[in-house]
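Participant: Sharing a structure here in structure tokens format.
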Amino acid sequence: MVQTFVGADGKARCAWAGIESDELYQRYHDQEWGRPVAGERELFERLSLEAFQSGLSWITILRKREAFRAAFANFEPACVAAFGQADVDRLMADAGIVRNLMKINATIGNARAILALPEGVTLGSLLRAHAPAVPRPETDPIPARTAESAALAKALKKLGFAFVGPTTAYAMMQAVGLANDHQPGCWVAESLKRP
């Protein structure tokens, strides 16, 4: 099974379906996926987009990312938490995003959950508390979920978050650099190796 492909620039990349011919996808792979992310707004955006991706391809969400940012007030938790029914109606009519009422309501609810976190707890601290202790061996297949992602999903749900099952939680861990699941031979995998 091919795990990497070599792009026109001579760099080997993870062989995600469709990445060979999509510059946006390659840029996301090279510059964002698996790289550390800090800041509640940035983490809330990733969590929201991973939830919207559930059941869809990532490239679909990536292509709609700017529309999502415009529709969801650039994922500022305080702004999104203040959304009401008129905003839900507006979002359901917005063809630029994925119009799924459950996911829209979950995103608004998750913004409210961020604002209601106990003192000293942040989305970032919750993620770090559930980070894998040991990197996954490169020879192991990439999992869809892990014990750590199941524990993170459970902790988030207990704190009022929705649409964050173990698979979504693991996808977020991958996206924000808590798990380096770039394929062996991928140039990004090498640049992200921990000392």
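The values are calculated or read from the model by the stated rules, or taken from the named source; none is laboratory data. Just so you know, these numbers come straight off a predicted model, no measurement behind them. FYI the Cβ positions are ideal-geometry reconstructions off the backbone, even for glycines, and counts take in every protein chain you see. Quick note on the areas: whole protein, heavy atoms, side chains included, nothing else; ligands and nucleic acids left out. Shrake-Rupley method; radii C 1.70, N 1.55, O 1.52, S 1.80 Å.
Participant: Pick from G84, G165, G160, G96: which is farther than 23 Å from H182 by Cβ and open to solvent by 40 Å² or more (accessible area, probe 1.4 Å)?
Facilitator: On inspection, the qualifying residue turns out to be G160.
Participant: Sticking with this one: Could you check the stretch 116-157 and list, in sequence order, the residues that are within 25 Å of A71 (Cα to Cα) and either open to solvent by less than 40 Å² (accessible area, probe 1.4 Å) or part of a loop (DSSP other than H, G, I, E, B) (or both)?
Facilitator: A116, L117, T122, L123, G124, L156
Participant: Quickly run through the stretch 82-113 and pick out the residues that are of a type in the set (A, V, I, L, M, F, W, C), touching a residue at least 24 places away in the same chain (Cβ under 8 Å) and within 22 Å of K64 (Cβ to Cβ). Lay out the reasoning, then the answer.
Facilitator: Taking the stretch 82-113 first, the residues of a type in the set (A, V, I, L, M, F, W, C) are 82-83, 86, 88, 91-93, 95, 97-98, 101-102, 104, 106, 108, 111, 113.
Now narrow it down to the ones that are touching a residue at least 24 places away in the same chain (Cβ under 8 Å): 83, 97-98, 102, 106, 108, 111, 113.
Listed by number, the residues that qualify are F83, I97, V98, M102, A106, I108, A111.
Participant: Out of A106, A78, A113, I need the residue that is outside any loop (DSSP other than H, G, I, E, B) and either touching a His at 6+ places or on another chain (Cβ under 9 Å) or surrounded by fewer than 19 Cβ atoms within 10 Å (Cβ to Cβ) (or both). Which one?
Facilitator: After ruling out the rest, the residue left standing is A78.
Participant: Identify all residues within the stretch 38-57 that are in a helix (DSSP H, G or I) and open to solvent by 40 Å² or more (accessible area, probe 1.4 Å); write none if there are none.
Facilitator: E40, R41, E42, Q53
Participant: Filter the stretch 1-37 for residues that are polar (S, T, N, Q) and either buried (at least 16 other Cβ atoms within 10 Å of the Cβ) or in contact (Cβ under 8 Å) with a residue 24 or more places away in the chain (or both) and give the result.
Facilitator: Q3, T4, Q26
Participant: Looking only at the stretch 154-182, count every residue that is under 13 Å from I142 (Cβ atoms) and of a type in the set (V, I, T) and tell me the total.
Facilitator: Qualifying residue count, the stretch 154-182: 1.
Participant: Find all pairs meeting these conditions: Cβ atoms under 6 angstrom apart; at least six residues apart or on different chains; first residue within the stretch 142-162 and under 21 Å from G34 (Cβ atoms); second residue modelled with pLDDT under 95 and part of a loop (DSSP other than H, G, I, E, B).
Facilitator: I142/D181; E148/P132
Participant: For E66, state whether it is open to solvent by 60 Å² or more (accessible area, probe 1.4 Å), acidic (D, E) and modelled with pLDDT under 95.
Facilitator: no
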